[in-house]
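Colleague: My questions will all concern the structure given below.
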């Protein structure tokens, strides 16, 4: 490589690294606990994990500020700001991973970074539903490890780490194949069996594998629509039971994110919207004209409720795009699923983003 090409490549890499994290500055403290893992490598890895979430978030939901990563033998942990006298835009994560076990670093950091996505400081005095927050973080770290095992083929932190994507894939396969995370029933069955015990911190019912039995059921939603992580940035501060909490969450999120909260709630058998009876048989809800009434149509109508779009989203032709239009397009999506009448039971992502067993 010529000197000129080398300089140009170096400048390009510098530009990319600068633009990749304009909101979040990650720093790794030196510690003998890291053993032979260079802090520069730890930093690059954690930046890569964070990037996989950050690139899915709209600007208003991206994590901004300074994140310090420290070695903590008792970790991993996302510290409350009161622990380190942090400012509102300061975060601190402790990891117990060491040496060159990058899959373990990824697993620990992915989970703890999800707590930051959840704005965990706000929940400090609302511990009753902490089990649910932990379940989402277990889902998050599985999701990001699977994602990294794919993206590292083209954008690993270092060229010599490209082959390590196979190790990440093996780690993801291990996480999902563990006997302790298997649950044959529905999310509603799981909630009925475990919610009351998990709300009681003294019951001894909590374990990461147990709550993963529920949250792993949400994985297809986030794999198909990774922008659903925007909804995780808007989780309500509440001790309410899930039957109420999910409705609070649905009401709290941005209009475009409601479909994802509803998908999660549906997996748990919790209705979060009110169905308005309406004669819709003759109504065409194929908004984008692709021959199907599916999630794309739902999202377009949601967008049409907020701003002008290039499609006609006034489904019932009453002069306004509103909640009734949204209910109609969702009902038509239900009809499309029923009409498909699959011959064998399978798990798939339904046309409006929920997980459906059939």
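The values are calculated or read from the model by the stated rules, or taken from the named source; none is laboratory data. Keep in mind that what you see is a predicted model, and the values were worked out from it rather than measured. As a convention, Cβ positions derive from the backbone with ideal geometry for all residues, glycine included, and neighbour counts pool all protein chains shown.
Colleague: Where residues in the range 226-255 are surrounded by fewer than 20 Cβ atoms within 10 Å (Cβ to Cβ) and within 20 Å of residue 52 (Cα to Cα), which of them is farthest from the chain's Cα centre (by Cα)?
Modeller: Here the residue is 234.
Colleague: In this structure, is residue 165 at pLDDT 95 or above and either farther than 19 Å from residue 51 by Cβ or crowded, with 20+ Cβ neighbours inside 10 Å (or both)?
Modeller: Details: at pLDDT 95 or above: yes; either farther than 19 Å from residue 51 by Cβ or crowded, with 20+ Cβ neighbours inside 10 Å (or both): no.
So residue 165 does not fit the description; no.
Colleague: What number of residues within the range 122-131 are closer than 21 Å to residue 74 by Cβ and either touching a strand residue (DSSP E or B) at 6+ places or on another chain (Cβ under 7 Å) or modelled with pLDDT under 95 (or both)? Give the steps one after another, and end with the answer.
Modeller: Our first condition is that a residue be closer than 21 Å to residue 74 by Cβ; within the range 122-131, this holds for 123-124, 127, 130-131.
With the extra rule that they be either touching a strand residue (DSSP E or B) at 6+ places or on another chain (Cβ under 7 Å) or modelled with pLDDT under 95 (or both), the set shrinks to 123-124, 127.
Residues flagged as closer than 21 Å to residue 74 by Cβ and either touching a strand residue (DSSP E or B) at 6+ places or on another chain (Cβ under 7 Å) or modelled with pLDDT under 95 (or both) within the range 122-131 amount to 3.
Colleague: In the range 146-162, what residues are touching a helix residue (DSSP H, G or I) at 6+ places or on another chain (Cβ under 9 Å), surrounded by fewer than 23 Cβ atoms within 10 Å (Cβ to Cβ) and part of a helix (DSSP H, G or I)? Let's see the steps before the verdict.
Modeller: Within the range 146-162, the first condition is being touching a helix residue (DSSP H, G or I) at 6+ places or on another chain (Cβ under 9 Å), and the residues that meet it are 146-158, 161-162.
Retained after the next criterion (residues that are surrounded by fewer than 23 Cβ atoms within 10 Å (Cβ to Cβ)): 146-147, 149-158, 161-162.
Within the range 146-162, 146, 147, 149, 150, 151, 152, 153, 154, 155, 161, 162 qualify.
Colleague: Moving to a separate point now. Just give me the residues in the range 33-68 being closer than 30 Å to residue 254 by Cα, free of Cβ contacts under 8 Å to residues at least 60 places away in the same chain and not in a strand (DSSP E or B), in sequence order.
Modeller: In the first step, residues of the range 33-68 are kept if they are closer than 30 Å to residue 254 by Cα; the result is 46-68.
Of the ones still in play, those that are also free of Cβ contacts under 8 Å to residues at least 60 places away in the same chain are 51, 54-55, 59-60, 62-68.
Answer for the range 33-68, where residues must be closer than 30 Å to residue 254 by Cα, free of Cβ contacts under 8 Å to residues at least 60 places away in the same chain and not in a strand (DSSP E or B): 51, 54, 55, 59, 60, 62, 63, 64.
Colleague: Oh, and also: Would you confirm whether any residue within the range 52-62 is closer than 27 Å to residue 160 by Cβ, modelled with pLDDT of 95 or more, surrounded by fewer than 16 Cβ atoms within 10 Å (Cβ to Cβ) and under 25 Å from the mean Cα position of the chain (by Cα)?
Modeller: There is at least one residue in the range 52-62 that is closer than 27 Å to residue 160 by Cβ, modelled with pLDDT of 95 or more, surrounded by fewer than 16 Cβ atoms within 10 Å (Cβ to Cβ) and under 25 Å from the mean Cα position of the chain (by Cα).
Colleague: Quick test of your reading of the structure: residue 66 fulfils all but one of (1) surrounded by fewer than 17 Cβ atoms within 10 Å (Cβ to Cβ); (2) over 23 Å from the mean Cα position of the chain (by Cα); (3) farther than 22 Å from residue 238 by Cα. Name the failing condition by number.
Modeller: (2)
Colleague: On the basis of being free of Cβ contacts under 8 Å to residues at least 12 places away in the same chain and not in a loop (DSSP other than H, G, I, E, B), does residue 310 make the cut?
Modeller: no
Colleague: Test each condition in (1) on the phi > 0 side of the Ramachandran plot; (2) touching a helix residue (DSSP H, G or I) at 6+ places or on another chain (Cβ under 6 Å) for residue 203 and report the one that comes out false.
Modeller: (1)
Colleague: Next question, about the same structure. Might you let me know whether the range 69-79 holds any residue that is in a helix (DSSP H, G or I) and more than 18 Å from residue 143 (Cα to Cα)? Before you say what the answer is, go through the steps one by one.
Modeller: Kept after step one, since they are in a helix (DSSP H, G or I), are these residues of the range 69-79: none.
No, that holds for no residue.
Colleague: Sticking with this structure for a sec: Check 105, 79 and return the single one that is free of Cβ contacts under 8 Å to residues at least 24 places away in the same chain and crowded, with 20+ Cβ neighbours inside 10 Å. Break it down into steps so the answer makes sense when it comes.
Modeller: Details: 105 fails: free of Cβ contacts under 8 Å to residues at least 24 places away in the same chain.
Testing whether each residue is free of Cβ contacts under 8 Å to residues at least 24 places away in the same chain and crowded, with 20+ Cβ neighbours inside 10 Å leaves just 79.
Colleague: Quick test for you: out of 84, 105, 109, pick the one residue that is over 20 Å from residue 209 (Cβ atoms) and touching a helix residue (DSSP H, G or I) at 6+ places or on another chain (Cβ under 7 Å). Even if it seems obvious, please write down each step before you answer.
Modeller: Details: 84 fails: touching a helix residue (DSSP H, G or I) at 6+ places or on another chain (Cβ under 7 Å); 109 fails: over 20 Å from residue 209 (Cβ atoms).
Result of the check over 84, 105, 109: 105.
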